[in-house]
Structures are given as C-alpha cells and as structure tokens.
Amino acid sequence: MWFKLIYIASFCILYVVSSPGGAPLTACDSMMPIHGGFQDQLGDLPVNVIIESIIISGQLISIRIEGTDILQSFGGFLIQAISENEELIGTFHLSENVRVINCRNISGSSATHTGSAQKTAVDIIWEAPITTELIVFNFFITIAGTFQTFWAKRRTSLQFVIPPSLVPTENPIIPIDPTLPIEEDLTIYDGCGDTKVCFGVPDNCYLGRMCDILGAVSYDNHNFTFELLAQDSHEYVAMGLSNTKSMGDSSVIECVRSDPYKSFASWTLGNVEAQRTTAQDYIELVEGMSINGRVYCKVQRKAFSAVKGVEFDLINNKYYLLLASGPLGEGNNIAKHENHGISFSPVQLTVPQYVRQNEPQNVFILIHGSFMIVSWIGLTSIGIVFARYFKKSWTNKKACGQDVWFIWHVICMFLSWTLTIAGFIVIFVYRGEWSTSAHAIIGCIVLGLTVIQPIGAVFRPDANSRSRSLFNWLHQAFGNITHALAVITIFFAVRFPEARLPHYTLYILAAFVSFYLIMHIIFTAVDIRGDMKRNKNSRTKNSKTMPFQIIQKTLLGFFIISMMIFVIALLLVFTLGFED
C-alpha cells in the first residue's frame, strides 16, 4: 500500500516539476522530452506556427505558436533553426514565456519555455544570421501538450534567409536558386518511418530519395493522409489497399495528371482494370500538382468506409499496400500500369514504418530453397539417369560388391533424401504453422513419396523373384513422378515474394526441363540402338557385349556438367536476391 502511494506521489511531483524552466541541454540534439517513457505522438504538430514569409539577413522576426481545436493549450516547447547542412543558425532572444539555451555551445541557438503553466499562444523572437548567400533552412519544433503527450522535432515548411543583395527594392520575393533541389519533390519523404508509413518502388529506394513510385500515409485524428508520387513519364499514380496479396479486389486512390489535378476512388477488377466507384465521399483531394514533371497528390481518406460491400477499417485492420503508375486511357481513365509493387505483408497504417515488397533476408528460406535446388535439379536428375540407362551397360565395374551405377544411384538419392528432409524441417521451423498453397501441398506430397521410396527399396524382392520386375517398374514410376512433382513445386516457389526470385527464373527452369527431356530422348535412343546391336551380336556370337558404352559415358559426363550449371545458375539467382 505504502509503495503504491509513494509511486503515485512521485509521479505527480514529476508531472508538476518536470522541466519547469524549459528543455535541458541534453535535449538539444534529439529535441525529445524525457517524460518517463511516454512516446512521441503520431502526426503533424497540433498547433499553428505562424512565420513571416520573407526573412532578410540580420532581420528580427516573430514566430507565433498558437493552440488549435486539436490542442488548445500547451505546457512546453523547444525550437531550433537548422540549415540544410544540419547547422544551427540564427539567434533567439528572450521574451515573455521564452528563454534561450546554448545548444552545441552556440549562444541563443535554441528557445524554450520558462514555466510549466499551460499557454494558448507564445511569441518567439528570432534574429536571422548575417549572410551574403542564400540560406535554406527549416524550423524544428517540439511541443509538449501535457506530461504524457508531446510531438517531437517536427519540421516546418522550407524557409530562406535572403542576403541584402538579392532583395529587390519593391515587392521583394524569394529568389529561386537553380542549383538547389526543389524541396517539394522531397517533402513526401520527410517523416518516413517516424511519422509516416512509406512504401516505395523499387525496394529500398528511400535512402537516396530515388523512388520511381512512392506512397506515404500519415494518421491524425481519425483521418489518414495519403501522399502519392510517380515518375515524370507517367500520367497517373495510384495506391490500393487489399485484404489479399493481389491486384484484384482492392480499394484504390488515384492521382491523375490533368488541369486541374484530380483524385478518384476506384476498385480493381482482376489485375488490369480499375473501375471508379459511385461513392467518392470518403476521399478528398487536398493538393495536386506537377513537381519537376512528376505527378503528386495529397489526399485525405476517412478511417472507415465501405467499398463494393467491403468494410475498410484503416485504424484497426491491416492491409496489403499496392502501388501503380502509368499512362491514361480513354476518358481520362487509368490504363494498365507500367510500374507497380505490392507489399510483402499486410501493414498497420497507424504505425509509422518502412514497407518493403520483398521480405527481409531470412536464412531459413535461403537454406530451404538451396537444399531443394541441389536435391531435385541436381542430385535426383543425375541419380535417375544412372539407374535408368546404365543398369545394363555398366555392369562390369563393381565397388564393395555392387555395380558402380548402383553405388552412384544410391549416393545421389541418399543425399537428395537427406537434403529434402532437412529442407522441410528448416521451413517448418521458420513458418511454425501450416500455410495453404500449391507449393506447400505439392511439397508435402513430394516429401511423403521421398520417404516411401527408400523404404520400398530396402524391402525390394530378390533379384530372381517373379515380382521383382513389378517392383522395378513401380519404383521407377514413383521416382519419376516424385521428381516431376518436385520440379513443379519449385516452379510454384518463383511467385512467392519470400523467395525473392526474378521472373526470368521461370525461363531457367523451363530450359532445365527442356534439356532434361531432350537428354532422356537421346539416352533412350542410344539405349535402344545398343539393345538392337547387343541382340545382333548375341546371334552372331560377337564378343563385343556392351556397344556404345563410350558414347553413353560421354553423354553422362555432359549431362552431369549441365546439371551442375543449372544448379549453380539457380543458386546464384536465388542467393543474390538475398543481398538487399
């Protein structure tokens, strides 16, 4: 009981006295209040920040922070002016409810509150630095509403300090420096991962701010703001929300290049067509423009909506994110996309984060895929050829009392069996649960047949048994069926984002299948021709009993080398995709 009272009293005291004289020097870099583990709020600043639009070198300006309907009063603040080179610039001056602190040992480089009393507005005086060159900068502001709620280090709009030489005598305007990047092209990236959910194409394009398509979502007061940006050669950009990992049945926001720019709500049908919905009241275009030729829109969407009979709750539910851009078709409708991306997993839009198309690198998937490629593309293919075409012609060579072909067949199949079992265990440990898909279902069938095959071989009938020929036929049939199903399973794996396999992997697999079948046809032709010659020799009592053996062994060497090339090619394609 006493412990609880002491804890509550301590909390109340901390609440009252916390930073009564303003932010401490330890908060200079992060601008983060040290408030007992409470977290930064989502969204933009809940206050209005009024700043003079034109700032001249050495000028004193007034920065007014005032409450809004969202946050009518606030207890504390911290403000800094930071240039594009991350330098603190200008000097803040003392005023009512305002004191200055010397962050980075620079006099007056920051301003903060003088008391913890709630304030509806505060006026801050800032002196612009003296300069002979144009300075580009932003004000960064932290607002503490109460002890539990604060918004840390929010950026204001872009500001300029103009040297006197660039100020016209009449109607001064902010000059445009052609050497500087256009800020509007970059503001969509601001807050990514901190205050926004950001999804870009291609993957990991955020770091260099070089996305061909970018969708950013921020959440504030039950409203979601979607920002969309596309490359300059396209006429529209669209972002969709889907319950499944497909382009079909998705609620989409379109941003269309026109005069003026327009935004539409639509619903995708299949992978191509997007049909604009009758109801458009759950979205509202806030801003639309061309930035450096790129399509850009800012659209607000309600948190709750019903589209085509499907309920969308953006606060509580997760959705796959879809991005697309391309040309316009007839009637100013969007045509088939020329660039697109889908998030690898559903996303909670209220949690700021970076979203990827591809699953982050996972060693379990890498091991599983590599084991299956080596097992079924390489080892099993070679093991089948040994058993099928060298049983009759390679019988004069023995090792440990067994024919050489049999030894190599057993080695290949045992290694394949081991890798298949190990690969299944690895992926099962990684997944931890059943996931219904063609890849999983056929894969389990392959696993079952793989386990049965060696058991049947151990209990095979004696060589002189009348049922031995039936066993041989069944063993060969089940082996070929298992091999074929395993290759089909690998084909299905290509479409999984987790595998991170490029589309051309299908061409490599198709080339493998074609080569494998052609080689079987050649082996079969040589085998039939050998049987014919062997039968002829037996009638003429010719001592040469193994015709075409050199040709068969040459073909075998070529086949093994080719299988190794296919295995290495697939492993390279597979493993290189995991370097991101």
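The values are calculated or read from the model by the stated rules, or taken from the named source; none is laboratory data. From a predicted model like this one, the values you see are computed outputs, not experimental measurements. Positions of Cβ are backbone-derived with ideal geometry, glycine not excepted, and every protein chain shown enters the neighbour counts. These area figures cover heavy atoms from the full protein model, side chains too; ligands, DNA and RNA do not enter into them. Shrake-Rupley method; radii C 1.70, N 1.55, O 1.52, S 1.80 Å.
For segment 218-263, the relative contact order comes to 26 percent (Cα pairs under 8 Å, sequence separation of at least 6). Scoring 296-303, 73-80, 434-441 by mean Cβ neighbours within 10 Å over their residues and listing the highest first yields 73-80, 296-303, 434-441.
For segment 412-485, the relative contact order comes to 34 percent (Cα pairs under 8 Å, sequence separation of at least 6). Other residues whose C-beta falls under 15 angstrom from the C-beta of residue 115 contribute a net charge of +1, scoring Lys and Arg +1 and Asp and Glu -1. Computed from phi, the 3J(HN,Hα) profile of segment 379-388 under the Karplus parametrisation 6.51, -1.76, 1.60 (θ = phi - 60°) reads 4, 5, 4, 5, x, 5, 5, 4, 6, 7 Hz, with x in place of Gly and Pro.
Sorted by mean Cβ packing within 10 Å, highest first, what order do the peptides 556-565, 323-332 take? Working shown, then result.
On the way: 556-565: 15.0, 323-332: 16.8.
Descending mean neighbour count gives 323-332, 556-565.
Surface analysis of segment 58-126 yields an accessible area of 45 Å² per residue, using protein heavy atoms and a 1.4 Å probe.
Order of 338-350, 54-66 by packing, highest average Cβ count within 10 Å first? Each step should come with its number before you reach the end.
On the way: 338-350: 18.4, 54-66: 16.5.
Highest-to-lowest ranking by the protection proxy: 338-350, 54-66.
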